[in-house]
Amino acid sequence: MTTDLPRPRFARMYPGAAERAERRGATEHRRRLLDGLSGRVVEVGAGHGLNFAHYPAAVTAVVAVEPEPELRAAAREAATRAPVPVRVEAGVADALPLADGEADAAVVSLVLCSVPDQATALAELRRVVRPGGELRFYEHVVPHHHPKRGLLQLADRTGLWPALAGGCHVARDTGAAIEAAGFTIERSERFGFSASALEPRVPHILGVARRR
Ligand SMILES: C[S@@+](CC[C@H](N)C(=O)[O-])C[C@H]1O[C@@H](n2cnc3c(N)ncnc32)[C@H](O)[C@@H]1O
């Protein structure tokens, strides 16, 4: 399986877009996402490494997997400034470079929207997290109600939004997919957030699930 997914247009666009989201509150979301983590962590789809600065000192090692080459290079740069040891590797969510049960916890932020198949990616996350270990998630999800739900489902079905946004899908029920994959959600906040003043607010979930 390939470990590289070059998306140069997305790689050039994402850091600026993410920076705007940080100023609108995403930094605080990342801090809450990682608060209380410890031990060996795998972060999947790490982008250019915006989470790295927020890992608590009790984390002993992070393996950060990123398939996009330009973002991965930027993540390696960010890893040099991280407060804990971070090793950045090429790879995709469906085939992680870790042994069974090697991680105490896994982290996904704004990634389960972009993987080709959530069930496959979550099964792989479950494989590498030890029994009783954690999955920390921060993801945008499908709204409960029409008309926004219908509009976003249409944007997904037509392939319009995925084509514009690096394969991102805006109408996934990620919380249900996490539970179906063999994790129990222990804590989850749901809130509206928009990454820029020009985009509509969409529901996000942020929380902790435990591997059954
Ligand atoms: C919206 S960005 C989020 C990046 C980072 N997690 C963050 O919070 O800023 C989505 C990331 O998922 C990565 N990605 C896309 N498809 C992936 C896959 N199949 N496996 C792992 N990562 C993937 C992209 O390269 C990109 O870095």
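Return yes or no: is Asp94 over 24 Å from Pro6 (Cβ atoms) and modelled with pLDDT of 95 or more? Reasoning before the result, please.
Details: over 24 Å from Pro6 (Cβ atoms): no; modelled with pLDDT of 95 or more: yes.
The answer is no for Asp94.
If we keep just the residues of region 34-53 that are buried (at least 21 other Cβ atoms within 10 Å of the Cβ) and not in a loop (DSSP other than H, G, I, E, B), which is farthest from the ligand (Cβ to nearest atom)?
Per the stated criteria, the residue is Val41.
Out of region 65-89, which residues are of a type in the set (A, V, I, L, M, F, W, C), within 7 Å of the ligand (Cβ to nearest atom) and not in a helix (DSSP H, G or I)? Break it down stepwise before answering.
Step one: filter region 65-89 for residues of a type in the set (A, V, I, L, M, F, W, C), giving 65, 71, 73-75, 78-79, 82, 84, 86, 88.
Those still in the list that are within 7 Å of the ligand (Cβ to nearest atom) too: 65, 71.
Across region 65-89, the qualifying residue is only Val65.
Restricting to region 162-209, give me the number of residues that are among the aromatic types (Phe, Trp, Tyr) and over 22 Å from Arg24 (Cα atoms).
Looking only at region 162-209, we keep the residues that are among the aromatic types (Phe, Trp, Tyr), and these are 183, 191, 193.
Of the ones still in play, those that are also over 22 Å from Arg24 (Cα atoms) are 183.
Going through region 162-209 one residue at a time, the tally reaches 1.
Only residues in region 30-56 that are closer than 14 Å to Glu134 by Cβ and at pLDDT below 95 count as the first member; pair them with residues that are more than 13 Å from the ligand (Cβ to nearest atom) and of a type in the set (Lys, Arg), Cβ under 8 angstrom, at least 6 apart or cross-chain, and list the lot.
Pairs that qualify, where the first residue is closer than 14 Å to Glu134 by Cβ and at pLDDT below 95 and the partner is more than 13 Å from the ligand (Cβ to nearest atom) and of a type in the set (Lys, Arg): there are none.
Inside region 124-179, can you point out the residues that are without any contact (Cβ under 8 Å) to a residue 24 or more places away in the chain and either among the hydrophobic types (A, V, I, L, M, F, W, C) or under 21 Å from Leu98 (Cβ atoms) (or both)? Spell out how you get there, then give the answer.
So the first thing to find is which residues in region 124-179 are without any contact (Cβ under 8 Å) to a residue 24 or more places away in the chain, and the list is 145-147, 149-151, 153-164, 176.
Of everything in region 124-179, those that are without any contact (Cβ under 8 Å) to a residue 24 or more places away in the chain and either among the hydrophobic types (A, V, I, L, M, F, W, C) or under 21 Å from Leu98 (Cβ atoms) (or both) turn out to be Leu151, Leu154, Ala155, Leu160, Trp161, Ala163, Leu164, Ala176.
From the list Leu50, Leu71, Leu37, which one is of a type outside the set (Ser, Thr, Tyr) and under 16 Å from Ala105 (Cα atoms)?
Details: Leu50 fails: under 16 Å from Ala105 (Cα atoms); Leu71 fails: under 16 Å from Ala105 (Cα atoms).
Matching residue, one of Leu50, Leu71, Leu37: Leu37.
If you go through region 94-119, how many residues are over 15 Å from the mean Cα position of the chain (by Cα) and surrounded by fewer than 17 Cβ atoms within 10 Å (Cβ to Cβ)?
6
Away from the ligand (no atom under 12 Å from the Cβ), assigned to a helix (DSSP H, G or I) and either of a type outside the set (Lys, Arg) or in contact (Cβ under 8 Å) with a residue 12 or more places away in the chain (or both) - does that describe any residue in region 90-104?
From region 90-104, those away from the ligand (no atom under 12 Å from the Cβ) are 98-104; that's our starting set.
Imposing the further condition that a residue be assigned to a helix (DSSP H, G or I) reduces the set to none.
No, that holds for no residue.
Can you tell me how many residues in region 142-178 are acidic (Asp, Glu) and more than 16 Å from the chain's Cα centre (by Cα)?
Narrowing region 142-178 to residues acidic (Asp, Glu): 156, 173.
Adding the requirement that they be more than 16 Å from the chain's Cα centre (by Cα) leaves 156.
Number satisfying all stated conditions: 1.
How many residues does region 78-123 contain that are polar (S, T, N, Q) and over 24 Å from Val141 (Cα atoms)?
Counting residues in region 78-123 that are polar (S, T, N, Q) and over 24 Å from Val141 (Cα atoms) gives 1.
Which ones in region 83-93 are buried (at least 18 other Cβ atoms within 10 Å of the Cβ) and under 16 Å from the mean Cα position of the chain (by Cα)?
If the condition is that a residue be buried (at least 18 other Cβ atoms within 10 Å of the Cβ) and under 16 Å from the mean Cα position of the chain (by Cα), then Val88, Glu89, Gly91, Val92, Ala93 are the ones that fit.
Consider only pairs whose beta carbons are under 8 Å apart and that are at least six residues apart or on different chains; among these, list those whose first residue lies in region 76-87 and is within 12 Å of Gly47 (Cβ to Cβ) and whose second residue is assigned to a helix (DSSP H, G or I) and not aromatic (Phe, Trp, Tyr).
Final answer for the pair search is Ala78/Ala53.
The values are calculated or read from the model by the stated rules, or taken from the named source; none is laboratory data. In this text, all values refer to a predicted model and were calculated from it rather than measured experimentally. Virtual Cβ from ideal backbone geometry, glycine too; neighbours counted across all protein chains shown.
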